[in-house]
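Here is the structure we will look at.
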Amino acid sequence: MVLEGDLTEIEQTLAVVDTASEPCLTLRQNFPHLAWICCEASDMTQSPFRRIGKFDLHLLDSGGHCVQITNDPQRATGIVLAKRSGKS
């Protein structure tokens, strides 16, 4: 489950992060209880759960047989952090 407090801290981290740095590494260290996948936004076909700066947040649900994207923080076990290009 992704708690609202976690989402707030993730948003705060992404709001001040230098996009040239490695935000995924920082987030993995700060939130080790969550699974993290980092990719380019163009790799995602689903609408993001939230947009923060140059990043899209997608919630990851790995509770069932197959991993899937969800919009329910109660079901989420991880986050896909998708970086948008300057054209997005």
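The values are calculated or read from the model by the stated rules, or taken from the named source; none is laboratory data. None of the values given here were measured: they were computed from a predicted structure. Backbone-built Cβ (ideal geometry, glycine too); neighbour counts: all protein chains shown. Surface areas here come from the heavy atoms of the whole protein model, side chains and all, with no ligands, DNA or RNA. Shrake-Rupley method; radii C 1.70, N 1.55, O 1.52, S 1.80 Å.
Cβ-Cβ under 7 Å, sequence separation 6+ or interchain: first residue in region 22-36 and closer than 20 Å to Lys54 by Cα, partner open to solvent by 20 Å² or more (accessible area, probe 1.4 Å) and among the basic types (Lys, Arg). Which pairs?
Trp36/Arg28
Could you identify the single residue in Thr77, Thr8 that is free of Cβ contacts under 8 Å to residues at least 24 places away in the same chain and not basic (Lys, Arg)?
On inspection, the qualifying residue turns out to be Thr8.
Within region 44-75, how many residues turn out to be out of contact with any helix residue (DSSP H, G or I) (no Cβ under 8 Å at 6 or more places or on another chain), closer than 19 Å to Leu14 by Cβ and among the small types (Gly, Ala, Ser)?
1
Identify the single condition in (1) without any contact (Cβ under 8 Å) to a residue 60 or more places away in the chain; (2) touching a His at 6+ places or on another chain (Cβ under 9 Å) that Ser62 does not satisfy, given that it satisfies every other one.
Among (1) without any contact (Cβ under 8 Å) to a residue 60 or more places away in the chain; (2) touching a His at 6+ places or on another chain (Cβ under 9 Å), the lone unmet condition for Ser62 is (2).
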